[in-house]
Ligand code: ACM
Ligand code: ZN
């Protein structure tokens, strides 16, 4: 018999409706309705059986929407804790007409019982809860969420809010990804430059951004989480994803070169050089980390470590030979084992991403499997305990269109593993390359992280049934200021279209959500009109930014409006651009709008082909110069063309050469720039037709991670003067 049916049989419909055990997220293991109703008192008077339960009284004070007093007479809320191990998270919650009682073998379970009571009380409008007994326990002991604060920094006050939501749904691990190539976010007293230098970067547009957490803030977060039964697991990335550390202390790298904190994304070649001074540095950092974080588990990253620098480094190669490591994978294994040893001496266990399996993971290490579900089985076979985070199931930085709530609800970490008990549980990571503000974070986290909590505590769930429970919870969270994104679609975005007849650029919201609007700022005459139009008769700069309240959502579109002779004129392309980069339509190269990032909707992109554009000016025109506006982002396989040439024609058939320029090949993976190649026409030639040919830069060079593959050309405007 289902619980709903049991309730319906035992009680009149109106009373059954006031017994919302089947409304809880995550669903509880067992719930039985009992006769009677608890009329919620204005004040909850709590008694505890042992001092060990006292912290939960403090928790109830913070999370219940009613006053809570302790040690009073006539109690209406009893807390009973046993002396079981904290790993036992089970609890029983009884509601009778006299009050509520939460009993649990350990304080862990008592806390989850408190969260269940929180939801039950929030759910009652009439101030009554039907009597019931709930017996509940989680399916997995490791129910985590990871947040990358390296790519974008989020203030500690927001971290607290998110930890509170996690605890509401009984997630118990907050994995704090504190260091990255693009920013080191944890203050380390011994090495102040990690944050004074490594915590800040110059963005592509020249602005500065960054931030870091003081040790006092970290202690506050750890204590706040601990009160809620959430363990904060810090991650200090090594030896890769360490460009911010190298910017602060260049001697930690193989080349010693002074590097910047990069503002672009990807996997960087420069990694820590495993020398004795580097180990001294890491041990000093970890010593401070261990003092801040009581977690038994410490995450050391270990993912995505290119070996190019190690291969070219005499010290690294000498270590490979001296220690008999065989190769550079062996060097990473040796490096990881030394760190695991250090942590072990301090009674902590190491977690690493699944790359630490390459060449054999250190004994006792926990592997976080991310590269695919198959890595879970590989890690188990290697004898490791596993945290399951397969990207295709739980990477919530992926759009909800690609990774919808419905799929996350079906995630089962033990699927295909003979139900191994060495799968500790799972974690949903949020990487933040494209997540730039607190509201943006929330729109990625919710509702999907709540679905993830459901599967971790109770097991896979069906979408419609889950939505029924989610709807009232979502309403409550939204009214407390938490932003929700879509469950199965992309976040809102801005689409730009160009109308050559009206000479108007229009900006429209795609996938709109309540509260999300386009905010525009401008310089010069150009501006976004209330109808979403940017008249291109003006010139200047327009920035279009999606916002929700004060919070920016996704990257801005920075548009430079230029006036020139070819604006609005028809373009014929010998090679069509790739489908993903249609720009603003057929007039992308003559729409008078220049972009700043190849994702901003203003660019055409060609993969392995030349740009070959013919523009009809409509009448014979004196032409002084023809310029092509281009973008290079070497890491993203986008390079400048090897040459640009211009031809002129009076009839569109017979062409004469009018000049050209040869461009240099890229020299560094970090290369990212905008460039306008201007061809001056000798003595102001006259023509009706203009042809611009940009020769594809060819296959990517040997030093590029994509070596041998075709490269992209990106162009957004042909400027004729
Ligand atoms: C990862 O996504 N590089 C762990
Ligand atoms: Zn080295």
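The residue of region 76-101 that is nearest to residue 52 (Cα to Cα), among those that are assigned to a strand (DSSP E or B) and within 37 Å of the chain's Cα centre (by Cα), is 91. Filtering region 219-253 to residues that are away from ligand 1 (no atom under 16 Å from the Cβ), outside any helix (DSSP H, G or I) and under 29 Å from residue 316 (Cβ atoms) leaves 249, 253. Return yes when residue 181 is in contact with a strand residue (DSSP E or B) (Cβ under 9 Å, 6 or more places away or on another chain) and either without any contact (Cβ under 8 Å) to a residue 24 or more places away in the chain or within 16 Å of ligand 2 (Cβ to nearest atom) (or both) and no when it is not. No: the conditions fail for residue 181. Number of residues in region 41-54 that are surrounded by 18 or more Cβ atoms within 10 Å (Cβ to Cβ) and either over 20 Å from residue 130 (Cα atoms) or at pLDDT below 95 (or both): the value is 3. Within region 288-317, the set of residues being free of Cβ contacts under 8 Å to residues at least 12 places away in the same chain and more than 9 Å from ligand 2 (Cβ to nearest atom) comprises just one member, 291.
Hey, can you tell me all the residues within region 352-376 that are assigned to a loop (DSSP other than H, G, I, E, B) and more than 14 Å from ligand 1 (Cβ to nearest atom)?
Scanning region 352-376 gives 359, 360, 361, 362, 363, 364, 365, 373.
Within region 327-338, does at least one residue satisfy the condition of being in contact with a strand residue (DSSP E or B) (Cβ under 9 Å, 6 or more places away or on another chain), assigned to a helix (DSSP H, G or I) and either within 16 Å of ligand 2 (Cβ to nearest atom) or over 20 Å from residue 386 (Cα atoms) (or both)?
yes
For residue 125, the conditions (1) modelled with pLDDT under 95; (2) crowded, with 18+ Cβ neighbours inside 10 Å; (3) assigned to a loop (DSSP other than H, G, I, E, B) are fulfilled apart from (2).
Identify, from the list 460, 413, the residue that is away from ligand 2 (no atom under 16 Å from the Cβ), buried (at least 21 other Cβ atoms within 10 Å of the Cβ) and in a loop (DSSP other than H, G, I, E, B).
When all the criteria are applied, what remains is 413.
Looking only at residues in region 385-409 that are within 20 Å of residue 141 (Cβ to Cβ) and within 16 Å of ligand 1 (Cβ to nearest atom), which one is farthest from the chain's Cα centre (by Cα)? The residue in question is 386.
With in contact with a strand residue (DSSP E or B) (Cβ under 9 Å, 6 or more places away or on another chain) and without any contact (Cβ under 8 Å) to a residue 60 or more places away in the chain as the only criterion, which of 495, 502 stands out? Give the steps one after another, and end with the answer.
Working: 495 fails: without any contact (Cβ under 8 Å) to a residue 60 or more places away in the chain.
Unique residue meeting the criteria: 502.
Can you give me the number of residues within region 287-306 that are away from ligand 1 (no atom under 16 Å from the Cβ) and assigned to a loop (DSSP other than H, G, I, E, B)? Summing the residues that are away from ligand 1 (no atom under 16 Å from the Cβ) and assigned to a loop (DSSP other than H, G, I, E, B) in region 287-306 gives 4.
Filtered by the rule that a residue be free of Cβ contacts under 8 Å to residues at least 24 places away in the same chain and farther than 22 Å from residue 63 by Cβ, region 208-244 gives 208, 216.
Screening region 263-286 for residues that are within 14 Å of ligand 2 (Cβ to nearest atom), in a loop (DSSP other than H, G, I, E, B) and in contact (Cβ under 8 Å) with a residue 40 or more places away in the chain and picking the one that is surrounded by the fewest Cβ atoms within 10 Å (Cβ to Cβ) gives 275. Contact map, region 383-406: residues that are more than 17 Å from residue 417 (Cβ to Cβ) and modelled with pLDDT of 95 or more paired with residues that are within 13 Å of ligand 1 (Cβ to nearest atom) and not in a loop (DSSP other than H, G, I, E, B), Cβ distance under 6 Å, separation 6+ or inter-chain. Pairs shown: 395/429; 396/428; 396/430; 397/430. Within region 422-442, at least one residue is within 20 Å of residue 173 (Cβ to Cβ) and surrounded by fewer than 17 Cβ atoms within 10 Å (Cβ to Cβ).
So, in region 350-363, exactly how many residues are in contact with a helix residue (DSSP H, G or I) (Cβ under 7 Å, 6 or more places away or on another chain) and closer than 20 Å to residue 389 by Cβ?
Qualifying residue count, region 350-363: 7.
The values are calculated or read from the model by the stated rules, or taken from the named source; none is laboratory data. All values derive from a computational prediction rather than experimental measurement. Glycine gets a Cβ as well: all are built from the backbone with ideal geometry, and neighbour counts include every protein chain shown.
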